[in-house]
Amino acid sequence: ASNANGITVTNAADIYVDSNANTFGIDATNTGSGTVTVVNTGKIDPPQVGINAVGGGNVSVTNNAAVAANQIGINAKSNNILNDDSKTVNVIDITGPIAAGDGVFTDVDGIRAEMVGGGTVNVGTSLQRIGSNVTATSAAAGKADGVDAKGGGDVNVQMGIATTTGGANGDSWGIRAASTSNASDGNADEVNVNTQGAVNGRNGILATNN
């Protein structure tokens, strides 16, 4: 779809998908500027991407069920290219768990949250932290991050007491958080990672602000 009115998907049923390439449990994509919102309370098993929420404006995913995927558990991305702090990518996972990776894909993420422009990326919040175990496993020498959050503005990762696990190979991290810190918008963009649970993997937490 491509419109300014947005897309909302609310699912409460279990979704079972053939384990093939280019498959999705939920795929909500808007090439326009409207908000994309996904609320899932049904089990998803096992597409290439569990929940795919992509738009040109605000993107919000709230998950409260187990998600198993071959490459990406939750993919939330805004293609907004402007230095607009009002634009947000928000991912909330209440119970999960989220598990990504089938031993074949080499670019794997449990949760992938991205803002192309200068908005804000939130994986969890201080009031509603990511509450479930998040695990990513890749093929040999492949990258697998439990959480991969990136954007051109503020990037915030707030994890609860559950465990976040990245892959054992290659450039894998339990949590990767990165901002390109778009100085042209006049704001002091920050990267904030706050976790109350264990972080495992080849590497632990990588936070960068360039």
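The values are calculated or read from the model by the stated rules, or taken from the named source; none is laboratory data. The structure displayed is predicted, hence computed values, not measured ones. Neighbour counts run over all protein chains shown; Cβ positions are idealised from the backbone, glycine included. Ligands, DNA and RNA are excluded from the accessible area calculation, which covers all protein heavy atoms including side chains. Shrake-Rupley method; radii C 1.70, N 1.55, O 1.52, S 1.80 Å.
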Rolling a 1.4 angstrom probe over the protein heavy atoms, how many square angstrom per residue are accessible across the stretch 36-133? 31 Å²
Which value, in debye to the nearest 20, gives the size of the charge dipole of the chain about its Cα centre, when Lys and Arg are +1 and Asp and Glu are -1 at the Cβ? 200 debye
Solvent exposure, largest accessible area first (probe 1.4 Å, DNA, RNA and ligands not counted), of Thr23, Thr180, Thr29: Thr180, Thr29, Thr23
7 Å from Cα along Cα→Cβ at both Thr8 and Ile161: what's the point-to-point distance in nm? 3.4 nm
Over the stretch 134-210, one equal point on each Cα, no solvent: what is log10 I(q)/I(0) by the Debye formula at q = 0.15, 0.24, 0.27 Å⁻¹? -0.50, -0.97, -1.10
The stretch 61-210 pair-distance distribution - Cα-Cα, 5 Å bins, rounded %: 2, 12, 21, 24, 20, 13, 6, 2, 0
Net charge near Gln71, counting Lys/Arg +1 and Asp/Glu -1 over other residues with Cβ under 10 Å of its Cβ? -2
Given charges at Cβ of Lys, Arg, Asp, Glu: the chain dipole, positive-most of Val157, Asn30, Asn58: Val157
In whole angstrom, the spacing between the Cα centers of the stretch 92-123 and the stretch 1-61 equals 13 Å
So which residue, out of Asp109, Asp148, Asp14, gets the largest mean-square fluctuation from a GNM of the chain using Cα contacts under 10 Å as springs? Asp14
As an exercise, take the mean of 1/r over every pair of distinct alpha carbons in the stretch 5-92, invert it, and state the Kirkwood radius in angstroms. 12.9 Å
The stretch 30-145 - charge dipole about Cα centre, Lys and Arg +1 at Cβ, Asp and Glu -1, debye rounded to 20: 120 debye
Solvent-accessible area, 1.4 Å probe, carbon plus sulfur percent, for the stretch 73-169: 53 percent
